[in-house]
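Single-structure report; data block below.
The values are calculated or read from the model by the stated rules, or taken from the named source; none is laboratory data. As the structure is a prediction and not an experimental result, all values here were calculated from the model. Glycine gets a Cβ as well: all are built from the backbone with ideal geometry, and neighbour counts include every protein chain shown. Calculation scope for accessible area: heavy atoms of the full protein, side chains included, ligands and nucleic acids excluded. Shrake-Rupley method; radii C 1.70, N 1.55, O 1.52, S 1.80 Å.
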Amino acid sequence: MNRSLSQCIGNTALVELKTIGKGFRNPIFVKCEHLNPGGSIKDRLAKAIIDDAEERGLLKPGMTIIEATAGNTGVGLAISAASRNYKIVCVMPEKMSLDKRVALKALGAEVIITSNAPPASPENFRNVAIRLARDNGWFLADQFCNPANIKAHQTTTAVEILEQTHGKIGAFVSGAGTGGTITGVGRAFKIALPQVKIVLADPIGSSLADWVETGVLGPSGSYLLEGVGQSTPPENLDREVIDFAERVSDEESFAMTKRLIREEGLLVGGSAGMNVVAALRLAARSDIDGPIVTVMPDSWDRYRSSAWMQDERL
Ligand code: PMP
């Protein structure tokens with residue numbers, strides 16, 4: 001009783017993939033971030049960014065918060081802002097799903113859609129958000145650079161996983177959009193468990209996998225997965241904590257998402273499928289000893305109108 005919604009963020013379940021992970025050398029455990037109140041892992045950092053900005057006096061009731069988002073951070077900001085009298089403006093590239101736009105509008109956020117422009121273009125969603133924040137005196141949540149994003153994962157997501165596994169982890173694998181999850185969890189794990197492998201799951205078409213492994217950005221192409229991969233490294237992605245990368249295609253990711261839904265009852269989105277494809281590769285490796293842990297970043301309701309979700313052949 002008397003729990004506020006913000007107290008319901010985090011402390012998510014960690015469950016074993018009993019069917020999909022069967023027969024592999026190492027078990028696979030998934031952290032059910034889709035069960036957060038806003039339906040994604042982004043609830044954690046949205047709350048952390050608002051709390052931090054309030055503490056530092058950058059955000060006061062009545063102000064407008066603007067963010068460049070693939071959609072989930074916008075939902076996280078909107079649910080944390082709902083009881084605190086902030087207006088939310090979300091800038092989203094057009095590739096993001098219709099369901100995310102509908103969710104954000106239902107939450108009362110203003111949604112601005114940009115073209116899928118590259119980072120150097122003034123029309124890129126991040127540049128549009130920066131410009132609007134500057135011109136209107138709005139608070140830019142800035143998940144790509146704000147250290148509160150990394151800290152949220154280092155002090156909550158990582159701590160919960162360490163408790164839930166009693167510190168028995170062979171590898172942690174995750175995609176990167178802002179890099180907050182893999183950097184925050186990776187830093188905490190490298191301190192607590194120096195032998196653990198931290199692995200980036202990256203969509204084929206993203207430039208990050210090559211950059212992580214060689215320091216040189218890979219070619220950038222198009223892909224359908226949302227919220228993960230980049231053509232340039234975000235400030236919140238720390239290359240130093242990552243041991244190597246696994247490259248995963250849209251097709252493999254979407255087919256695995258369908259399996260997670262059907263065979264495990266996990267109602268998750270596309271990047272969860274990508275993470276599990278990478279986790280299965282690690283589960284088979286003889287040089288990794290111990291459970292493979294990954295995250296289910298968001299919920300299937302964000303993608304119900306997407307062609308891949310509706311494709312019955314997958
Ligand atoms: N999956 C989805 C669906 C996301 O929206 C995001 C965040 N953009 C991620 C994964 C990646 O998380 P992070 O930003 O912490 O790297």
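Observations on the model:
- Restricting attention to segment 7-36, the residues that are within 30 Å of Ile66 (Cα to Cα) and surrounded by fewer than 17 Cβ atoms within 10 Å (Cβ to Cβ) total 3.
- A residue that is surrounded by 17 or more Cβ atoms within 10 Å (Cβ to Cβ) and farther than 29 Å from Lys31 by Cα can be found somewhere in segment 137-160.
- Glu263 vs. criteria surrounded by fewer than 18 Cβ atoms within 10 Å (Cβ to Cβ), of a type outside the set (A, V, I, L, M) and not in a helix (DSSP H, G or I): no
- Flag if Ile20 is of a type in the set (Val, Ile, Thr), at pLDDT 95 or above and closer than 30 Å to Thr257 by Cα: yes
- Note on segment 266-308: residues that are within 27 Å of Ala106 (Cβ to Cβ), part of a helix (DSSP H, G or I) and away from the ligand (no atom under 13 Å from the Cβ) amount to 2.
- The conditions of being open to solvent by 10 Å² or more (accessible area, probe 1.4 Å) and closer than 25 Å to Ile9 by Cα are not met by Leu200.
- Unique residue being without any contact (Cβ under 8 Å) to a residue 12 or more places away in the chain and of a type in the set (A, V, I, L, M, F, W, C) when the list is Val216, Val268: Val216
- Residue within segment 235-254 that is in contact (Cβ under 8 Å) with a residue 60 or more places away in the chain, assigned to a helix (DSSP H, G or I) and open to solvent by less than 20 Å² (accessible area, probe 1.4 Å) present: yes
- In segment 162-170 there is no residue that is touching a residue at least 12 places away in the same chain (Cβ under 8 Å) and within 17 Å of the chain's Cα centre (by Cα).
- The residue pairs whose first member lies in segment 2-16 and is under 20 Å from Met296 (Cα atoms), whose second member is part of a helix (DSSP H, G or I) and open to solvent by 40 Å² or more (accessible area, probe 1.4 Å), and whose beta carbons are closer than 6 Å, counting only pairs six or more residues apart or on different chains, are Ser6/Lys47; Ile9/Lys47; Gly10/Thr156; Thr12/Leu35; Leu14/Gln164.
- Across segment 49-79, the qualifying residues are those that are away from the ligand (no atom under 16 Å from the Cβ), part of a helix (DSSP H, G or I) and open to solvent by less than 10 Å² (accessible area, probe 1.4 Å), and the one among them that is farthest from Gln310 (Cα to Cα) is Ala53.
- The lone criterion from (1) away from the ligand (no atom under 15 Å from the Cβ); (2) of a type in the set (S, T, N, Q); (3) modelled with pLDDT of 95 or more; (4) within 21 Å of Met92 (Cβ to Cβ) left unmet by Ser220 is number (3).
- Test for Ser231: is it within 16 Å of the ligand (Cβ to nearest atom), closer than 22 Å to Gln143 by Cβ and surrounded by fewer than 24 Cβ atoms within 10 Å (Cβ to Cβ): yes
- Test: residue in segment 45-53 that is within 30 Å of Ala284 (Cα to Cα) and acidic (Asp, Glu): no
- Check on Ser97, open to solvent by less than 40 Å² (accessible area, probe 1.4 Å), within 16 Å of the ligand (Cβ to nearest atom), of a type in the set (S, T, N, Q) and at pLDDT below 95: yes
- Selection status of Met274, within 26 Å of Met92 (Cα to Cα), in contact with a Cys (Cβ under 6 Å, 6 or more places away or on another chain) and crowded, with 23+ Cβ neighbours inside 10 Å: no
- The one condition from (1) open to solvent by 20 Å² or more (accessible area, probe 1.4 Å); (2) within 16 Å of the ligand (Cβ to nearest atom); (3) farther than 25 Å from Thr12 by Cα that Lys105 does not meet is (2).
- Only one of the numbered conditions (1) charged (D, E, K, R); (2) open to solvent by 70 Å² or more (accessible area, probe 1.4 Å); (3) without any contact (Cβ under 8 Å) to a residue 60 or more places away in the chain is not met by Asp210, and that is (2).
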